[in-house]
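Step one of this worksheet: look at the structure below.
The values are calculated or read from the model by the stated rules, or taken from the named source; none is laboratory data. None of these values were measured; they are calculated from a predicted model. Note that we place each Cβ from the backbone using ideal geometry, even for glycine, and neighbour counts take in every protein chain shown.
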Amino acid sequence: MPHSRAPTAAKSVPGPQPGTSWVPAVEQLSLLTADARCAREKAYEQRVRRYSDPYLARRSAGRKHPVEDFLFTYYTQKPGQLLRWHPGAGVVLTGEAASARMGWKHYRTLDDGELASLGLPPGTPAVTFDRDKFLADRHEAVAFADIILRGTAARPAQFGCFGLHEWAMVYRQDKFDRRHEYLQLRLGSTGTDKVVEDNRIRCSHFDAFRFYTPDAIALNELTPSRENQRHMEQPGCLHANMDLYKWAYKLLPALPGELVMDCFELSWRIRAMDMQASPYDLAEWGYPPVRIETAEGKAAYVEHQRAFAAEAAALRARLAQALAPLRTAGTV
């Protein structure tokens, strides 16, 4: 029988506090040439379609993929939205690109003074990110993303979970609604339950914990919640690092699309490893297992986890840097 462990709150390093003031500094504008814009936009579209086109084909055919659908079904950014390229804050587009974006949310046209400062004649179609409107509409979301990103970066990484959150999601699942009913468990129900019972379950990420079966909840040593998320996210967590994609697209169009796709592609690879370490048999899908029920599998998991954490740290820093023009340090 499993032994129930009393959940405890996580110790945390204080991160940025609520009340950060988001006061725009002087905006610096730079002009992107038509040729440079065309090259970036074309490269970006090709990059997105590598992932979105197969997903849309599967969806049209009524087929599912347990690994490669996830970023389009779990997160709220849809393929059509992801395909829309943005140059990022402070970048000015002209010509056809400007005309096309004049109706897009959180873009604005340049006034004659701004046009003159860029060497453009009065009346030139030119647009850029509308920082003031974006902050007016998205102040709370931007501030929360900043709290999560900087708070996560400030904490020590933990590498002892071994992906057992996925196992806790199917613990004693025969008593409840089956998760991913079209997938088989590698070790069967009894073997899967034994792995959960024989290991410490210490998930700090609420958006994984909330999918636990009822019988698994008491086995988790921590009690993550939406309310304490800002204090519990830590940079070794696969799901916290996967969520960099979420924070990136929520900050559009303040960020360049290329940064969003860098986060997307890291999340894609993390999702693959997360599912390889899960209890599911994904061999027929082309994903061999990382057998975390063994010592060798645990070591392999941690090796991947550390590599992902290093990549995520660099992306987290880039996201924080992209937020800097929107932030003035201090409290209100």
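A few notes on this one:
- Consider segment 157-187 and keep the residues that are assigned to a helix (DSSP H, G or I) and modelled with pLDDT of 95 or more. The one that is farthest from GLN276 (Cα to Cα) is ALA168.
- One residue from LEU251, LEU244, LEU259 being touching a residue at least 12 places away in the same chain (Cβ under 8 Å), more than 10 Å from the chain's Cα centre (by Cα), surrounded by 23 or more Cβ atoms within 10 Å (Cβ to Cβ) and within 26 Å of ARG101 (Cβ to Cβ): LEU251
- Qualifying residue in segment 168-175 (condition: surrounded by fewer than 22 Cβ atoms within 10 Å (Cβ to Cβ), of a type in the set (Lys, Arg), over 23 Å from ARG291 (Cβ atoms) and in contact with a His (Cβ under 9 Å, 6 or more places away or on another chain)): no
- Answer residue from segment 126-149, given it is in contact with a strand residue (DSSP E or B) (Cβ under 8 Å, 6 or more places away or on another chain) and not acidic (Asp, Glu) and is surrounded by the fewest Cβ atoms within 10 Å (Cβ to Cβ) among those: LYS133
- Filtered residues of segment 202-217 (kept if farther than 26 Å from ILE147 by Cα and either in contact with a Pro (Cβ under 7 Å, 6 or more places away or on another chain) or not in a loop (DSSP other than H, G, I, E, B) (or both)): PRO214, ASP215, ALA216, ILE217
- The set of residues in segment 205-240 that are of a type in the set (Gly, Ala, Ser) and closer than 20 Å to TYR75 by Cβ comprises ALA208, ALA240.
- Helices (runs of 4 or more DSSP H) (entirely within segment 222-310) containing at least 1 residues that are closer than 26 Å to VAL48 by Cα and β-branched (Val, Ile, Thr): 257-276
- Selection status of GLY103, of a type outside the set (Val, Ile, Thr), in contact with a strand residue (DSSP E or B) (Cβ under 7 Å, 6 or more places away or on another chain) and modelled with pLDDT under 95: no
- Of all residues in segment 275-300 being crowded, with 21+ Cβ neighbours inside 10 Å and touching a Gly at 6+ places or on another chain (Cβ under 6 Å), the one that is farthest from ASN199 (Cα to Cα): VAL290
- Filter pass, THR152 being surrounded by 21 or more Cβ atoms within 10 Å (Cβ to Cβ), closer than 27 Å to CYS38 by Cβ and among the β-branched types (Val, Ile, Thr): no
- Taking first residues from segment 36-49 that are in contact (Cβ under 8 Å) with a residue 40 or more places away in the chain and partners that are aromatic (Phe, Trp, Tyr), the Cβ contacts under 6 Å between residues at least 6 apart in sequence or on separate chains come to GLU41/TRP85; TYR44/TRP85.
- First in segment 101-126 and part of a helix (DSSP H, G or I), second anywhere and surrounded by 12 or more Cβ atoms within 10 Å (Cβ to Cβ), Cβ under 7 Å, 6 or more apart: ARG101/LEU93; ARG101/TYR107; ARG101/VAL127; GLU114/LEU29; LEU115/THR124; LEU115/ALA126
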